[in-house]
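Structure record follows, encoded as structure tokens.
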Amino acid sequence: MSFFRDVIGLDIGSRYAKVVRAVRRGPFTVLSGAEEIALPEAEEDRNRLVRVFLEEKGLADLPCVIAMRGEDMLMRVVNTVPGDAGSERAIVEEQHEHFEDLTTGNVVSEYCVQKNPGEKNQIVFAVAREDAVRRTLDSAAEAGLGTVNLLPVPVALLNAVSWLLPSSASPLLCIDIGHAATELIIVRQRKLLFQRRFMIGASDLQDTEGVFSDTRKFDQWLEELAACISFYRSEFSAEKFTVSKAFVSSRSEFPQECAEAVSRRVGIQCAAFPLSVRAPLLTNPGRYTVAAGLALAGAGQNMLKISLLPAVLREKMVLQHQIRYWAASALLLISSVLVLVLGMASQLDNAENAFGRRSEMLERFRGMERKLEQLKDENTVLRTRLMPLTVAAWNAEAVIALLDAVTVAKDANDWIVLIADAAFYDHRPGAAQNNAPASGDGAVTVRDALLDELVIEGYTANPDLSSVQAMIEKLREDPYILSVDLLADDQVRADAGRDKSWAFAGCHLFAIEVRMVAP
Amino acid sequence: MNTFDTDNHIERRNIAIILISTGVICILLFAAVLLPMRARKNSYLNEIVRLDAELEPYLSQVSEESLQLQLDREAARFRYYADKWKELTALVSTFRGVKATTDLFSPSKEGRIDFKIAFFEARERLTKKAEENKVSLPADLGIGETIAATENAEIQLWRLAAVSRLLDAVIESGIKNVIEIRPLEPRIYPLNAPEYSAMHEYPMLIRFRCRYPQVMNLIRRSQQPGSFFALRHIHGERKESLTSDALEIEAVYGAAIFKGPVDDILLDQTGRDENRYLFEGVNGTGMNE
């Protein structure tokens, strides 16, 4: 059975309706909001009053656990042979037949096995007529209750005793004095050992003001109690089943002398239902024992999984309660998928941006490369276009540069007698000079027009041409001169007139070929 | 009177609706949205891998910065060429700035009379100038006043203009003895452009005697704007003795003109008149500014 985080236990008795609220936070359960209201005689008025009462307390919308009173229900605890599953099934079937024989009409039954390792197990049966169950549920529906469970009163008492009272190794007796009847249970280690009900209640024992006053009825009540205890003792004679304490819960305060009388009669120390450290907000636990037990069952602190609510109804209530969680889970799942979609959208956006950046970068690089190639091509064209002009201006500068360099480099005792470009070196003055370009259309190449090869003739007094060598070395250092060397002897021009003119000096002719650095 | 409804079909149906709706929505989101987005993302990732491979050479060897540096260098080179072009066209064009008449250069026969007149004027002027400077010039300026039917008047005029300018430079350089001056065949230097953009040169062979400083004067003067001549050949020889500084120089100088618009190095080729030159014309005495 699932539990509810916020649930009320509603004990609708003959004269009063009592409610206790249980709020569960994790492993902790807090009991609070213990209230009661007196009920009128008429059924419709009772239901309406309960509804109004709960609405005033703000508890009307909470799930509700209600009790099935003993007059409409039977409970039985049957011991079994330990370890014999077959006997358990046989007992269940036997009890079911027995109950069907006892009642007319359909029944609602439920059982639960209490396992005691090493000892006998108990099978707890609860049976109620179906029409009684339906009547109870219909009343609850009229009162606008969100009923989520229908428990027998002894089960509620078992929950209350197990949770509110300190744990005890020996069994505890709980006596709940209702308006018309008294329920008693014996609990050992949070398991129901024994349960009885007899028809003497507060209406018999108390006056109109709720004071225990009728001693004769009290004595009858005491005898009934003693008979129940005696029967228990006959069934559970072992020492370990000896009841150590008895607690009485009732709407009115149970007088001390009554408690002492109980103690004397049944030999069990008796007291009113004490305050519980586990429910500090429950200031009168004796009055609200059943309601507390019902609320604890709704909060999942159910010691005995017995419910008289039909399975279909239980499922209905669970589903009604769960639907909000199903809806929340669905929303969460859809939200998670949407988060995935958003994440994927973000990744897609990032990938698109990364793609865009790279495309842009690549296009930029390629654009720059194209532009660079274009510029290089243009510059190549321009350099070619510029060359004729460059050469035209360069030729005279080359001659001037060579003359300046020779002036500095030559020995003072050497003479320079000729400077000519290589093509004009052997030119005879006055000879025809066509100067026509090789091509018929008049176009010339830049190479043809370049004066980068020049010849210098001179005379030196040094037969070893050492001064010429020195001059050549110096000329080689000039940045405008690419190479310098003596002209090959077979290329020196033959000029008888020159030789004759300079024969008197007794000097030696030298000819140097100079190649200038081209533009 | 309310009765407790024991039928849980509605609750089960509602929960089933929630579950089925959730399932349908989730499946739709997966199938219609998430999976297509994932496919697109994977497609982009594949493209990114491809692009990274294409980018790798650029990033490992060539950075955007180095490409930009290269671009800047080439652009600077272009500007250098453009500036050099302006400088050299201004320098090299022998007749730049000289006012002339474009109508002069028509292919018709009427150009010969202009040559005759120009030749007479040039000879008169140069003879006078030579006398004033005590310079010996060859007769007929090396050209002669005759013009044959097969000779192009335009070319003859350019030759005359070139000779006239060169002799002016020779006289102004202090050279006293011009032995010979003779025009040679014109030359064309293509400018790597369509035909009508070229540098036309009118070379002349000149032979003279002078001393070293005068020839250096002439060479330097021929490098100045407005009196530029391209030196194409030179043969300079000390002729006499060790103590004499007399040099006999024989040189080929070329006077250049540009055909076609050459103001911009890119030589804008659109809608140009074939006969339009850099300067507007030439006449006998109007060769100078």
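The values are calculated or read from the model by the stated rules, or taken from the named source; none is laboratory data. Please read all numbers here as calculations on a predicted model, not as lab measurements. Using ideal geometry, Cβ is built from the backbone for each residue, glycine included, and neighbour counts are taken over all protein chains shown. Note: accessible area is taken over every heavy atom of the protein model, side chains too, but ligands, DNA and RNA are not part of it. Shrake-Rupley method; radii C 1.70, N 1.55, O 1.52, S 1.80 Å.
For residue A:97, the test of being surrounded by fewer than 14 Cβ atoms within 10 Å (Cβ to Cβ) and assigned to a helix (DSSP H, G or I) is passed. For region B:143-164, a residue qualifies if it is of a type outside the set (A, V, I, L, M, F, W, C) and open to solvent by 30 Å² or more (accessible area, probe 1.4 Å), and the qualifying residues are B:145, B:146, B:150, B:151, B:152, B:154, B:159.
Among residues of region A:316-342 being within 7 Å of chain B (Cβ to nearest Cβ) and modelled with pLDDT under 80, the one that is least open to solvent (accessible area, probe 1.4 Å) is A:316.
Just one of the numbered conditions (1) part of a strand (DSSP E or B); (2) open to solvent by 10 Å² or more (accessible area, probe 1.4 Å); (3) at pLDDT 90 or above is not true of residue B:217: (1). Residues in region A:262-305 that are within 16 Å of residue A:5 (Cα to Cα), polar (S, T, N, Q) and touching a Ser or Thr at 6+ places or on another chain (Cβ under 9 Å): A:301 alone.
In this structure, does residue A:473 turn out to be part of a strand (DSSP E or B) and either at pLDDT 90 or above or open to solvent by 40 Å² or more (accessible area, probe 1.4 Å) (or both)? Give the steps one after another, and end with the answer.
Numbers: part of a strand (DSSP E or B): no; either at pLDDT 90 or above or open to solvent by 40 Å² or more (accessible area, probe 1.4 Å) (or both): yes.
No; evaluated as a whole, the condition is false for this residue.
Of all the criteria given as (1) free of Cβ contacts under 8 Å to residues at least 24 places away in the same chain; (2) part of a helix (DSSP H, G or I); (3) of a type outside the set (Lys, Arg), the one not satisfied by residue A:237 is (2).
Residues are listed down the side, and each one gets a yes or a no for (1) in contact with a Cys (Cβ under 8 Å, 6 or more places away or on another chain); (2) buried (at least 17 other Cβ atoms within 10 Å of the Cβ); (3) in a loop (DSSP other than H, G, I, E, B):
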{"residue": "A:247", "(1), (2), (3)": "yes, yes, no"}
{"residue": "A:254", "(1), (2), (3)": "no, yes, yes"}
{"residue": "A:257", "(1), (2), (3)": "no, no, no"}
{"residue": "A:260", "(1), (2), (3)": "yes, no, no"}
{"residue": "A:271", "(1), (2), (3)": "no, no, no"}
{"residue": "A:277", "(1), (2), (3)": "no, no, yes"}
{"residue": "A:281", "(1), (2), (3)": "no, no, yes"}
{"residue": "A:284", "(1), (2), (3)": "no, no, yes"}
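Looking at A:15, A:21, A:46, just one residue is at pLDDT 90 or above, closer than 28 Å to residue A:71 by Cβ and not β-branched (Val, Ile, Thr), and that residue is A:21.
Across region A:476-519, which residue is nearest to residue A:407 (Cα to Cα) among those that are among the aromatic types (Phe, Trp, Tyr) and in a helix (DSSP H, G or I)?
A:502
Okay, residues lined up against (1) farther than 27 Å from residue B:227 by Cβ; (2) modelled with pLDDT of 80 or more; (3) more than 9 Å from chain B (Cβ to nearest Cβ); (4) touching a Gly at 6+ places or on another chain (Cβ under 8 Å):
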| position | (1), (2), (3), (4) |
| --- | --- |
| A:385 | no, yes, no, no |
| A:388 | no, yes, no, no |
| A:392 | no, yes, no, yes |
| A:396 | no, yes, no, no |
| A:402 | no, yes, yes, no |
| A:410 | yes, yes, yes, yes |
| A:413 | yes, yes, yes, no |
| A:421 | no, yes, no, no |
| A:437 | no, no, no, no |
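Close Cβ contacts (under 6 Å, 6 or more residues apart or on different chains) running from residues in region A:493-512 that are more than 13 Å from chain B (Cβ to nearest Cβ) to residues that are at pLDDT below 80 and open to solvent by less than 60 Å² (accessible area, probe 1.4 Å) are absent. Within the option set A:57, A:115, being in contact (Cβ under 8 Å) with a residue 24 or more places away in the chain, open to solvent by 20 Å² or more (accessible area, probe 1.4 Å) and within 45 Å of the chain's Cα centre (by Cα) holds for one residue only, A:57. Only a single criterion out of (1) out of contact with any helix residue (DSSP H, G or I) (no Cβ under 8 Å at 6 or more places or on another chain); (2) at the interface with chain B (Cβ under 8 Å from one of its Cβ atoms); (3) touching a residue at least 12 places away in the same chain (Cβ under 8 Å) is not satisfied by residue A:298, namely (2).
Only a single item in (1) open to solvent by 30 Å² or more (accessible area, probe 1.4 Å); (2) at pLDDT 90 or above is not met by residue B:7, and it is number (2).
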